[in-house]
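First comes the structure, then the notes that go with it.
Values quoted throughout were computed directly from the atomic coordinates according to the rules given, and no laboratory measurement underlies them. Keep in mind that what you see is a predicted model, and the values were worked out from it rather than measured. Here the Cβ positions follow ideal geometry from the backbone for every residue, glycine too, while neighbour counts run over all protein chains shown.
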Amino acid sequence: MVNLNPQCKETTLILGIGNPLLGDDGVGIRAVELLAEKELPPYIKIELVGTPGWGLPAWLEGWSSVILVDAVQMGQTPGTWRRFSPDEIWLITHCDLLSLHQADLASGLALTEALDMLPDQITFYGIEPACLDPGNDLSQVVRSSLPSLIDCILDDIRKE
Amino acid sequence: MSERIEVHHVTRVEGHGNIVVEISDGQLKECRFDVIETPRFFEAMLRGRPYQEASHITSRICGICATGHATTSLRATEKALGVELSDQTKLLRKLTFHGEMLDSHVLHTYMLVAPDFLGVGSVIPLATTHREVVLRALRMKKLAGDICATVTGRHTHPIAMTVGGFTYFPKVSDLKALRQRLVAGRADVKATVELFASLPWPKFERDTEYISLSKPDEYAFIDGEILSSDGDRLPIEDYQKVTNEYLVEHSSAKFTRHNRKSYMVGALARFNNNFEQLHPSAKEAAQALNIKPKVTNPFLNTAAQVVEIVHCVEDAINIIDQLLERGISTEKPAPVNLTNSNGVGACEVPRGILFHHYWIGEDGNLSGANCIIPTNQNIANLEEDMRALVPQILDKSVEEIRLSLEMLVRAYDPCISCSVHVLKIEDRA
């Protein structure tokens, strides 16, 4: 295995994914910003990665456990969030909204898997967006879901 | 007998473009590259904003060329406000510019182009069939991103670059660590040249006008004059005499033309116009790749990018050596002179020459802006290439023609837009 992250000492990485300039797409970034303000165990590292695309394997390599926080279209009421593992879902590239050179999170994860570099444990926190129009602000309904989401992530990492 | 080839949303390019080709009784009837992105109104967004915000706003035009847009924006503002940059600022900007050039070229050559030649549909199966190739690309991308992060505070959308200089300075130890990684990275660069030298580039020649920046003393990426391979040399303030933008019905992007019906910008134009100023190792790479100016095969734009990968790694090492020798000074940004004025910035971003032109009032707010990106300038030339290529490959199957046209589009590395990434999921149950 080629170690792309030779300096990594912590064991659990929390990645905030999304574009904060596109309304609720920035919820993953906002959530991990709020998490970073909490008292966290020393083995936790937090990164705001935005839209990593094909660079995702370089972020994931070398970690035993990774938590990804992102806006996810699940067909739920906006503001609903879910915790799930990759085994539970199919990730589908959105047909109309593609990111840099068509490498979205699903493609980045598929590439990581093909390279056999997936961490042992991956947990998703997906939040249903209300609005993905250009803008810095989260919608009220998504913002109000953040406290319970952050409590759940904190419970999760303190159990480890 | 007639065939209509339509490729909607060409893959492995940035943004949305459609290829439309119609062949009837062995004759090419129609040949277009439709750009179907909606306009993004960045120029309108800039109006009324303070000059200090312009580079941060326009950086968001692209998540790949963020440093390129920010640097071009800063140069436009600095020209308007009469700002003279220190040598250290110029060196740091060049260093981070190389980081972005490397990142973008590695993305294009390895992730977007190589799968066509290695017999797979995308980089994901490539990770299984050629694992070492993909790992090498990821290592190089990470190093490139770390150059940008070291100099400007983060990988994409630089935060430390400001009008007149920098708000943050890399530590000597960070620069030494980067240098060490760049030197070690020469092995990956060598393997990159070997890989791309072994690829069977499609055979196709069409001479066109090649336009790039040019400088007397270095391979131009930031500032300089506009140079045409047809012989003209113009100050960047005269960019509109080169771009001559016009509208066509089938594209939401403006087209451009200069001496001929179309011109080409990008790595191949730079290679053709400024070959002599490449680093000696980059010239050796060109020899290994069997290219020398003037190259008129647009598919070899990718090979020219490989040459620039070598140049940028070597020049980045040189720049770090200069910075280490000088020592890093925590200098204040150079002062501005606020008057009613305008300025043009021009840089060679990964996909070619980029212009930003700003009008700034005495209050320091922008009253107008004009941004002309490389992909716009290339589309007319891409269509001319398609028109010349199709009649040469009419004997091939529709699938082969389709693939050739897609590969041609990808060779230009078009960056049609930047958009959102959104996941949709379905329960497996």
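Here the Debye sum runs over all C-alpha atoms of chain B as equal scatterers in vacuum, and log10 of I(q)/I(0) at q = 0.08, 0.12 Å⁻¹ comes out as -0.43, -0.99. Note that the range A:106-122 has calculated 3J(HN,Hα) couplings of 4, 5, x, 5, 5, 5, 4, 5, 4, 7, 6, 10, 5, x, 4, 10, 10 Hz, one per residue in order, obtained from phi through the Karplus relation 6.51 cos²θ - 1.76 cosθ + 1.60 (θ = phi - 60°); glycine and proline are x.
List B:34, B:87 from most exposed to least, where exposure is judged by having the fewest other Cβ atoms within 10 Å.
Numbers: B:34 18, B:87 10.
In increasing order of surrounding Cβ atoms, one gets B:87, B:34.
The alpha carbon centroids of the range B:91-139 and the range B:193-250 are separated by 23 Å.
By the scheme Lys and Arg +1, Asp and Glu -1, what is the net charge of all other residues having a beta-carbon under 14 Å from that of residue A:143?
On the way: positive: A:30; negative: A:24, A:25, A:33, A:128, A:137.
That sum, taken over residues with Cβ under 14 Å, equals -4.
Sequence-distant contacts, meaning Cα pairs under 8 Å at least 6 residues apart, place the relative contact order of the range B:1-157 at 16 percent. For the range B:26-90, a crude dipole built from +1 on the beta carbon of Lys and Arg and -1 on the beta carbon of Asp and Glu, taken about the Cα centre, is about 100 debye to the nearest 20.
Given the convex hull of the Cα atoms of the protein assembly as shown, what is a quarter of its surface area in nm²? Can you show the working numbers first?
Numbers: hull surface 107.5 nm².
Averaged projected area of the protein assembly as shown's Cα convex hull equals 26.9 nm².
For chymotrypsin sites (Phe, Trp or Tyr not before Pro), the sites in the range B:118-201 that DSSP calls loop and that have at most 16 other Cβ atoms within 10 Å are B:168. Listed by number, the DSSP H helices of chain B that run 30 Å or longer by alpha-carbon position along their axis and have mean Kyte hydropathy of at least 0.0 are B:131-152, B:301-326. The calculated 222 nm mean residue ellipticity attributable to helices in the protein assembly as shown amounts to -12000 deg cm²/dmol, summing -39500 (n - 2.57) over DSSP H runs of n ≥ 4 and dividing by all residues. So, in Å, what gap is there between the alpha-carbon centers of the range B:291-345 and the range A:14-69? Centre-to-centre distance over Cα atoms comes out at 31 Å.
When a/c is below 1.5 the answer is rounded, else prolate if a/b is larger than b/c, else oblate, so apply that to the range B:328-387 with a ≥ b ≥ c taken from the square roots of the Cα gyration tensor eigenvalues.
oblate
What net charge do the residues around residue A:131 carry, taking every other residue with its C-beta under 12 Å from that of residue A:131, with Lys and Arg at +1 and Asp and Glu at -1? Provide the component values of the computation, followed by the final result.
On the way: positive: A:143; negative: A:24, A:25, A:128, A:133, A:137.
Local charge sum for residue A:131: -4.
Residues whose amide H falls under 5 Å from that of residue A:71, counting only those 5 or more places apart or on a different chain, are A:27, A:28, A:127, with hydrogens built in the peptide plane. Here the gap between residue B:6 and residue B:86, fully extended at 0.36 nm per residue and compared with their Cα-Cα distance, gives a gain of 23.6 nm.
Under the shape rule built on the C-alpha gyration tensor, where the axes satisfy a ≥ b ≥ c, the range A:106-160 is oblate, since a/c reaches at least 1.5 while a/b does not exceed b/c. Taking amide H atoms as placed 1.01 Å from N in the peptide plane, the amide H of residue B:263 lies under 5 Å from those of B:258, B:381, each 5 or more residues away in sequence or on another chain. Remark on the range B:145-264: hydrodynamic radius 18.8 angstrom, per the Kirkwood mean of 1/r across alpha carbon pairs.
Each residue of the range A:33-45 was assigned a 3J(HN,Hα) from its phi angle through the Karplus expression (A = 6.51, B = -1.76, C = 1.60, θ = phi - 60°), giving 4, 5, 4, 5, 7, 8, 7, 10, x, x, 8, 9, 10 Hz with x at Gly and Pro.
GluC sites (Glu not before Pro) within the range B:285-377: which are DSSP loop residues with at most 11 other Cβ atoms inside 10 Å?
Working: sites: B:308, B:314, B:325, B:331, B:348, B:362; in loops: B:331, B:362.
Those that pass, being in a loop and sparsely packed, are B:362.
Taking 0.36 nm per residue of sequence separation and removing the Cα-Cα distance, the residue B:203/residue B:181 pair yields an extension gain of 4.2 nm. Between residue B:172 and residue A:141, the C-beta separation translates, for a Förster distance of 60 Å, into a calculated FRET efficiency of about 0.75. Taking amide H as placed 1.01 Å from N in the peptide plane, residue A:135 has its amide H under 5 Å from the amide H of A:22, A:23, each at least 5 places away in sequence or on another chain.
Charge tally around residue B:309: other residues with Cβ under 14 Å, Lys/Arg +1 each, Asp/Glu -1 each, net -2.
Quote the FRET efficiency, to the nearest 0.05, computed for residue B:388 versus residue B:129 with a Förster distance R0 of 51 Å and r equal to the Cβ-Cβ distance. Could you put the intermediate results ahead of the total?
On the way: r = 33 Å, r/R0 = 0.65.
Here the calculated transfer efficiency is 0.95.
Between residue A:154 and residue B:47, the distance separating the two model label sites (each 7 Å from Cα on the Cα→Cβ line) works out to 4.7 nm.
Cut-off is 10 Å between beta-carbons; in what order do B:176, B:141, B:94, B:203 appear when sorted fewest neighbours first? Before the final figure, lay out each step's value.
Working: B:176 12, B:141 25, B:94 20, B:203 8.
Ordered by Cβ neighbours within 10 Å, fewest first: B:203, B:176, B:94, B:141.
With the radius of gyration and the Kirkwood radius both derived from the Cα set of the range B:64-200, what is their ratio Rg to Rh?
Details: Rg = 17.2 Å, Rh = 16.3 Å.
Rounded to two decimals, Rg/Rh equals 1.06.
With charges set only on the Cβ (+1 for Lys and Arg, -1 for Asp and Glu), what does the dipole of the range B:338-414 come to about its Cα centre, in debye to the nearest 20? Please report the intermediate quantities before stating the final value.
Details: 5 positive and 11 negative charges, 9 e Å.
It works out to roughly 40 debye.
Backbone geometry of the range A:64-70 corresponds, through the Karplus equation with coefficients 6.51, -1.76 and 1.60 at θ = phi - 60°, to 3J(HN,Hα) couplings of 7, 9, 10, 10, 10, 10, 7 Hz, x marking Gly and Pro. I need the shape label for the range B:39-135. Rule: rounded when a/c is under 1.5, else prolate if a/b > b/c, else oblate, with a, b, c from the alpha carbon gyration tensor. Oblate is the answer for the range B:39-135, as a/c is 1.5 or above yet b/c matches or exceeds a/b.
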